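Novice: Please read through the structure below; I'll follow up with questions.
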Amino acid sequence: MSPQNKSFNIGRIAMWILMIIILFITLFPFWWVLRTALTTQGQIFENTTSLAPVGFTWDNFARVLGFVDTSEALASGGSGQSINFFRFLMNSFVFSTVITVFQVSFSTMAAYAFARLKFPGRDQIFLLYVSALMVPGIVTLIPNFVLIRGVGQWLSSFSEVIDDSYGLLMGQMVAPYFFMTPFAVFFLRQFFLGLNKEVEEAARIDGANYFRVFWNVALPMSRPPVVTLAIITFINSWNEYLWPLIVGRDESVRVLTVALNIFRSSQPSGVPDWTGLMAGTALAILPVLLIYMFVSRQVIDSIQFTGFK
């Protein structure tokens, strides 16, 4: 074997070892969540070095889903606390879906305008807008809260017009995420800049206006990056915790991330019900994994698309 091939094989083996280590560090927390969820409450602190569930059981998932009454939950070693899992799951879906649909829609239109429309100060406005990426989200938390609380009190005064308290409360929760974000606009603008202008110019010659060119030509060609942005937005919204905790105090609009934390901190004994909490966490992760499994091909196409002009 030549020195060059030997060096190549050693480098390849080192890369595989590094990849395995990174995968282990990434996936091990997920496995530990599942391992704890499948362990009986009474044996959770026994044989803690075991990677396999101790006293394998599905009861923790049944308790979280509400299929077990309080007496049976206490008999199995649980705390007896319940969580309206399906209600909070629906709230998380509504919260994440509304944000994803509107944020991606507005961001797509704004990105196309910055990429193709010519107007005075376009590049300066885009630079100023993208500079908001340097502002931490926590900085705008209090101003957003004050604004949303004021708007909510104003809307609540029109009781004869607005009778749906759920819609009003959910609207207050999604309001700060309703429009485009700097990252989304920057992300999509790069793809629109890489599209073939000749196709759009041909549509313009045929009499199509800018919106029709955007809707019928540019948007179908940019489907992979748009789907990728939708996945990123949905996952970020699904994992959102601080803002729903502050604004969504009413149980009717409580999302799953907040509900799981309340479930952890509301145990009568003061000791968290770790097996129930991990079962709820595993179920909360499942929808995101399923969505990614169905649309992962779009993400791969989006990555491949970045190499073309």
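Novice: Using the structure shown, decide if residue 260 is in a helix (DSSP H, G or I), more than 19 Å from the chain's Cα centre (by Cα) and not basic (Lys, Arg).
Specialist: no
Novice: Of everything in the range 25-63, what is among the β-branched types (Val, Ile, Thr) and modelled with pLDDT under 80? Give them in sequence order.
Specialist: Passing the criteria: 44, 48, 49.
Novice: Can you pull out every residue in the range 223-247 that is in contact with a Leu (Cβ under 7 Å, 6 or more places away or on another chain) and in a loop (DSSP other than H, G, I, E, B)?
Specialist: Across the range 223-247, there are no qualifying residues.
Novice: I'd like to verify a number: residues in the range 174-189 that are in a helix (DSSP H, G or I), aromatic (Phe, Trp, Tyr) and either over 13 Å from residue 232 (Cα atoms) or outside the structural domain of residue 145 (by TED's automatic domain parsing) (or both), how many?
Specialist: Of the residues in that region, 2 qualify.
Novice: For the range 235-250, what are the residues that are surrounded by 15 or more Cβ atoms within 10 Å (Cβ to Cβ) and without any contact (Cβ under 8 Å) to a residue 12 or more places away in the chain?
Specialist: The one that is surrounded by 15 or more Cβ atoms within 10 Å (Cβ to Cβ) and without any contact (Cβ under 8 Å) to a residue 12 or more places away in the chain: 236.
Novice: Further question: I'm trying to understand the selection: among the residues of the range 158-185, which are among the aromatic types (Phe, Trp, Tyr) and at pLDDT below 80?
Specialist: Of everything in the range 158-185, those that are among the aromatic types (Phe, Trp, Tyr) and at pLDDT below 80 turn out to be 158, 166.
Novice: Which of the residues spanning the range 221-234 are surrounded by fewer than 15 Cβ atoms within 10 Å (Cβ to Cβ) and at pLDDT 85 or above?
Specialist: Hits for the range 221-234: nothing passes.
Novice: Out of 74, 89, 155, I need the residue that is modelled with pLDDT of 70 or more and not polar (S, T, N, Q). Which one?
Specialist: Of the residues listed, the single one that is modelled with pLDDT of 70 or more and not polar (S, T, N, Q) is 89.
Novice: Among the residues of the range 27-43, how many are in a loop (DSSP other than H, G, I, E, B) and more than 15 Å from residue 55 (Cβ to Cβ)?
Specialist: Looking only at that region, the number is 0.
Novice: State yes or no: is residue 203 small (Gly, Ala, Ser) and either modelled with pLDDT under 80 or more than 24 Å from residue 123 (Cα to Cα) (or both)?
Specialist: yes
Novice: Return yes when residue 113 is at pLDDT below 85 and in a helix (DSSP H, G or I) and no when it is not.
Specialist: no
The values are calculated or read from the model by the stated rules, or taken from the named source; none is laboratory data. Just so we're clear, the structure is a prediction, and the values are computed from it rather than from any experiment. Positions of Cβ are backbone-derived with ideal geometry, glycine not excepted, and every protein chain shown enters the neighbour counts.
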